[in-house]
Amino acid sequence: VIPSLRPPKCTAGSDSPCTPASGKQLMVLYLALYLTALGTGGLKSSISGFGSDQFDDSNKVERKQMTNFFNWFFFFISIGSLAAVTILVYIEDNLGRQWGDGICACAIVLGLVVFLSGTRRYRFKKLSGSPLTQIAAVFVAAWKKRNIDLPSDLSLLYNVVDDGQKKMQKQK
């Protein structure tokens, strides 16, 4: 949108050579790309974990709500991806990249407003110690248990028992 932040357009078949991007223009481009990567990596890796923290896995009703949350969450992630590669590409090709970028920016602001509007209702788990210590503990435990044989009944690997398994256990 800001003309000084992009090099002039190159036209095919013209006698004048294309003007390369200046240092300032390249800096803005790389900054935008790195911020996009940082935001995507930070958001996508933590949003599903934050969503699951909002439900109590020991509560039967909330466990069902968590399943519904993830179904809807991944449904809308897929719809957003589909819209990005179809609708937004069409808009950018026919109306201009600034329209596609503007729509994305508005969607991000709208999502941020929705997220922040629920802040008072969110559940926050208290951390016990450093997150890095917890991550290291997982790696240490995995290394120590690397040679343990798997149980013959693979259902013993999971601690969540659904309604179908409960009925089967009662029938036995």
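The values are calculated or read from the model by the stated rules, or taken from the named source; none is laboratory data. Since we're looking at a predicted model, the values are computed, not measured. So basically every Cβ, Gly included, is an ideal-geometry build from the backbone, and we count neighbours across all protein chains shown. These area figures cover heavy atoms from the full protein model, side chains too; ligands, DNA and RNA do not enter into them. Shrake-Rupley method; radii C 1.70, N 1.55, O 1.52, S 1.80 Å.
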Among (1) over 22 Å from the mean Cα position of the chain (by Cα); (2) modelled with pLDDT under 90; (3) open to solvent by less than 90 Å² (accessible area, probe 1.4 Å); (4) closer than 28 Å to residue 59 by Cβ, where does residue 171 come up short? (3)
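Matching residues to (1) touching a residue at least 40 places away in the same chain (Cβ under 8 Å); (2) outside any helix (DSSP H, G or I):
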{"residue": "56", "(1), (2)": "no, yes"}
{"residue": "62", "(1), (2)": "no, no"}
{"residue": "79", "(1), (2)": "no, no"}
{"residue": "89", "(1), (2)": "no, no"}
{"residue": "109", "(1), (2)": "no, no"}
{"residue": "115", "(1), (2)": "no, no"}
{"residue": "125", "(1), (2)": "yes, yes"}
{"residue": "129", "(1), (2)": "no, yes"}
{"residue": "140", "(1), (2)": "no, no"}
Quick one: residue 92 ticks every box in (1) surrounded by fewer than 12 Cβ atoms within 10 Å (Cβ to Cβ); (2) among the acidic types (Asp, Glu); (3) at pLDDT 90 or above except a single one, so which number is it? (1)
When you scan region 140-156, do you find a residue that is modelled with pLDDT of 90 or more and β-branched (Val, Ile, Thr), even just one? yes
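Could you list all residues from region 11-36 that are of a type in the set (A, V, I, L, M, F, W, C) and either exposed (fewer than 10 other Cβ atoms within 10 Å of the Cβ) or touching a Ser or Thr at 6+ places or on another chain (Cβ under 7 Å) (or both)?
Answer for region 11-36, where residues must be of a type in the set (A, V, I, L, M, F, W, C) and either exposed (fewer than 10 other Cβ atoms within 10 Å of the Cβ) or touching a Ser or Thr at 6+ places or on another chain (Cβ under 7 Å) (or both): just 12.
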If residue 8 meets every condition in (1) farther than 30 Å from residue 123 by Cα; (2) open to solvent by 60 Å² or more (accessible area, probe 1.4 Å); (3) in a helix (DSSP H, G or I) apart from one, which number is that one? (3)
Just one of (1) farther than 22 Å from residue 121 by Cα; (2) among the charged types (D, E, K, R); (3) open to solvent by less than 100 Å² (accessible area, probe 1.4 Å) trips up residue 56, so point out which. (1)
